[in-house]
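Worksheet: one structure, shown below.
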Amino acid sequence: MSSVPLSTVANISSQSLFSRHKPPRLSTQIKSLRETNNGEEPPQATVDRRNLLLGIGGLYGASNLVSGDALATPIPAPDLAKCSRGTNLNLKQPLDVDCCPPFSDKAIDYKLPPAKQIRVRPAAHLADKDFIAKYEKATELMKALPADDPRNFMQQANVHCAYCNLTYDQASDPSNKLQIHFSWLFFPWHRWYLYFYERILAKLIDDPTFALPFWNWDNPKGMPMPAMFVRDNSPLYNARRNRDHLPLVDPPPYADLRFSKKFQTDPDKIVGSNLTEMYSEMVRSAVNLEDFYGAKYALGSNPDPGAGTVERGSHTAIHAWVGDPNSPAGEDMGNFYSTGRDPLFFCHHANVDRMWSVWRDLRGPKPKDFNDPDWLDTSFFFYDENAQLVRVKVRDTLDNLKMGYTFQKVEIPWLNKRPKARVRKSKVAATSDAPKATDTSVFPVKLDKVVRVLVDRPKKKRSSKEKQKEEELLVIEGIEVDTSEFVRFEVFVNDEDDDPRDVIDLAEYAGGYSQVPHKNAGNVKSKIRLGLTELLEDLDVEDDDQILVSLVPRDGGEDITIGGVKIIYV
């Protein structure tokens, strides 16, 4: 393992190797290129690689001069010395916890140890008493570590707070902050986070076979909150949860994967709703890599380019469903800055991590990962089980078996729950009086009510070969939201009901968008892409020139603005 003092990085980064000819800041160069390309990512060939490296500056630039990809701009691990204290925008005051980790002046490049014995992460609802006792003991010991030990429970909670609340600069560009949500970094960063958290627990109880449990919320048998987390006097207990959702009654309440504070899902229909949501996230709208992982996020990019299907769907719903509605800002699980304080967070994210593995298995021979070095070589800092600061890369997260763990095998019922259409009929759009999406008077629009538009289909009557080559996608763009609020809206196709919110397990439901509240520098703009190829087959409207799209607010519609709707083929 190689060692580089962070103080050396900071010293080199603060200087220009060619101070008399200092290039424009990286974000300024890329912003200018985007403006000349109508807001799209600039062609890489137009970017002066030498200027980019000098704009980044320091050791990072120097070490990448020999890179095989001369145009790569992956985000490097942040400078821990420049971590700033965040602000809780909900309360308009500084966070009650400093998220910044203990400082170390040395980091080593982490090498995955040989996987001599594969750890098995169990489904939480199937865990036995011995496992629960072991898990409780490990958590108790973690909470008892000195407060300044980076392995301490609160220090581990703050890792999420720091990486998810814009407390780090993007490399040497203080005008642009680092955010590992709402992009292609979501899955790999959280996998590393759980990996080290799990290894710390295992070392504390001297059991290398220990593995975190996963909350099996995509399976009806595992949808209630796991009982081990609500036991009195347990170190896994947390008081700041929604008491209406605790498993204290028989039958216990099921987690709602389309959770809304304003519109409650009928308990008798929640299983069907959840399975439809999972099918949409994992199959129907997850054909392309970007749609599952999230949009590209490289050095110089603005945060929040676009979340993947699971992140903006079931992942966010669980956070909001668990968070305490009586706390100031949805704490603990319902807000980014505090969510890691609840031990249930790690059980929840173990299932999010499992979704990544399941999705990869479903791909068969199709590409499972980006081959873009901007993704593969993005790096992060974590403290390992020995309290050693380590630098890790995305490329080493792609195979959970190589990382030494797997998941208990359980049923996957949503795989066979392809939703059926309520009414199979064409020409719905042709008889609608809704305005066209291209009408300049329609967008931007505040989503404080249901908005319906007619969207042109550039291609129709596509052959099976054409469908295999290109996915038809519905793009909801220019999504501007208040990041301090929980918001959710959903999208329906060719549904003529006055309020289609009840269409919870039928093909007309195309997908949704939601976000966990978090600290940010104001509103952000993002986009989502929803798969249409299979949906239009199920509705029997493949020959139609247009489709009717309904944008339906469920929570915080007054804090959502939509910039436009269109169809593309990728």
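The values are calculated or read from the model by the stated rules, or taken from the named source; none is laboratory data. Since the structure is predicted, the reported quantities are computational estimates derived from the model, not experimental observations. In this analysis, Cβ positions are derived from the backbone assuming ideal geometry, glycine residues included, and neighbour counts consider all displayed protein chains. Just so you know, the surface numbers come from the protein's heavy atoms only, side chains and all, with ligands and any DNA or RNA stripped out. Shrake-Rupley method; radii C 1.70, N 1.55, O 1.52, S 1.80 Å.
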- Item | Yes/no for Phe370 being buried (at least 18 other Cβ atoms within 10 Å of the Cβ) and in contact with a helix residue (DSSP H, G or I) (Cβ under 9 Å, 6 or more places away or on another chain) | no
- Message: Quick test for you: out of Arg424, Arg418, Arg462, pick the one residue that is touching a Phe, Trp or Tyr at 6+ places or on another chain (Cβ under 8 Å), at negative phi, part of a loop (DSSP other than H, G, I, E, B) and not acidic (Asp, Glu).
- Response: Arg418
- Item | Number of positions in region 163-182 that are assigned to a helix (DSSP H, G or I) and either among the hydrophobic types (A, V, I, L, M, F, W, C) or surrounded by fewer than 24 Cβ atoms within 10 Å (Cβ to Cβ) (or both) | 1
- Single residue of Asp218, Asp250, Asp206 found to be under 30 Å from Lys393 (Cα atoms), open to solvent by 10 Å² or more (accessible area, probe 1.4 Å) and either not aliphatic (A, V, I, L, M) or not in a helix (DSSP H, G or I) (or both): Asp206
- Note on the structure: Expected output for region 72-83 (first residue farther than 18 Å from His181 by Cα, partner at pLDDT 90 or above, Cβ below 6 Å, 6+ apart or cross-chain) is Ala72/Pro373; Ala72/Asp374; Thr73/Ala298; Thr73/Leu299; Thr73/Asp374; Leu80/Phe103
- Note on the structure: Residue hits (region 183-201; open to solvent by less than 10 Å² (accessible area, probe 1.4 Å) and either touching a Lys or Arg at 6+ places or on another chain (Cβ under 7 Å) or more than 17 Å from Val358 (Cβ to Cβ) (or both)) are Ser183, Trp184, Leu185, Trp189, Trp192, Tyr193, Tyr195, Phe196, Tyr197, Glu198, Ile200, Leu201
- Message: If the requirement is being crowded, with 16+ Cβ neighbours inside 10 Å and either in contact with a strand residue (DSSP E or B) (Cβ under 7 Å, 6 or more places away or on another chain) or not β-branched (Val, Ile, Thr) (or both), which of these qualifies: Lys460, Lys467?
- Response: Lys467
- Message: Kindly evaluate Glu490 against the criterion of being open to solvent by less than 30 Å² (accessible area, probe 1.4 Å) and farther than 27 Å from Asp266 by Cβ.
- Response: no
- Filtering region 109-125 for residues that are surrounded by 15 or more Cβ atoms within 10 Å (Cβ to Cβ) and of a type outside the set (Gly, Ala, Ser) leaves a count of 5
- Query: So Val283 clears everything in (1) open to solvent by 10 Å² or more (accessible area, probe 1.4 Å); (2) not in a helix (DSSP H, G or I) except one condition, right? Which one?
  - Reply: (2)
- Of (1) at pLDDT 95 or above; (2) farther than 23 Å from Tyr383 by Cβ; (3) over 26 Å from the mean Cα position of the chain (by Cα); (4) among the basic types (Lys, Arg), Arg231 satisfies all except one. Which? (1)
- Scanning region 121-162 for residues that are part of a loop (DSSP other than H, G, I, E, B) and either without any contact (Cβ under 8 Å) to a residue 40 or more places away in the chain or out of contact with any helix residue (DSSP H, G or I) (no Cβ under 7 Å at 6 or more places or on another chain) (or both) gives Asp128, Leu145, Pro146, Ala147, Asp148, Pro150, Asn152
- Message: Against the definition (closer than 22 Å to Thr73 by Cα, outside any helix (DSSP H, G or I) and touching a residue at least 24 places away in the same chain (Cβ under 8 Å)), how does Ser327 come out, yes or no?
- Response: no
- Item | Positions within region 253-273 being in contact (Cβ under 8 Å) with a residue 60 or more places away in the chain and either at positive phi or open to solvent by less than 30 Å² (accessible area, probe 1.4 Å) (or both), in sequence order | Ala255, Asp256, Leu257, Arg258, Phe259, Ser260, Thr265, Gly272, Ser273
- Note on the structure: Scanning region 226-247 for residues that are outside any loop (DSSP other than H, G, I, E, B), open to solvent by less than 30 Å² (accessible area, probe 1.4 Å) and more than 24 Å from Arg312 (Cβ to Cβ) gives Met228, Phe229, Val230
- Task: Quick one: count up the residues across region 520-570 that are over 23 Å from Lys427 (Cα atoms), in a loop (DSSP other than H, G, I, E, B) and touching a residue at least 60 places away in the same chain (Cβ under 8 Å).
- Result: 5
- Message: Name the residue that is most open to solvent (accessible area, probe 1.4 Å), counting only residues in region 90-104 that are at pLDDT below 85 and assigned to a loop (DSSP other than H, G, I, E, B).
- Response: Lys92
- Given (1) part of a strand (DSSP E or B); (2) crowded, with 24+ Cβ neighbours inside 10 Å; (3) modelled with pLDDT under 90, where does Pro517 come up short, assuming only one miss? (1)
- Message: Step by step: first the residues of region 300-335, then only those that are farther than 30 Å from Ala171 by Cα and β-branched (Val, Ile, Thr), then the one that is nearest to the chain's Cα centre (by Cα). Which residue is that?
- Response: Ile318
- Note on the structure: When restricted to Leu362, Leu344, the only residue open to solvent by 10 Å² or more (accessible area, probe 1.4 Å), touching a residue at least 24 places away in the same chain (Cβ under 8 Å) and of a type outside the set (D, E, K, R) is Leu362
- Go through region 474-489 residue by residue and tally those that are under 23 Å from Lys420 (Cα atoms) and either out of contact with any Phe, Trp or Tyr (no Cβ under 7 Å at 6 or more places or on another chain) or outside any strand (DSSP E or B) (or both). 2
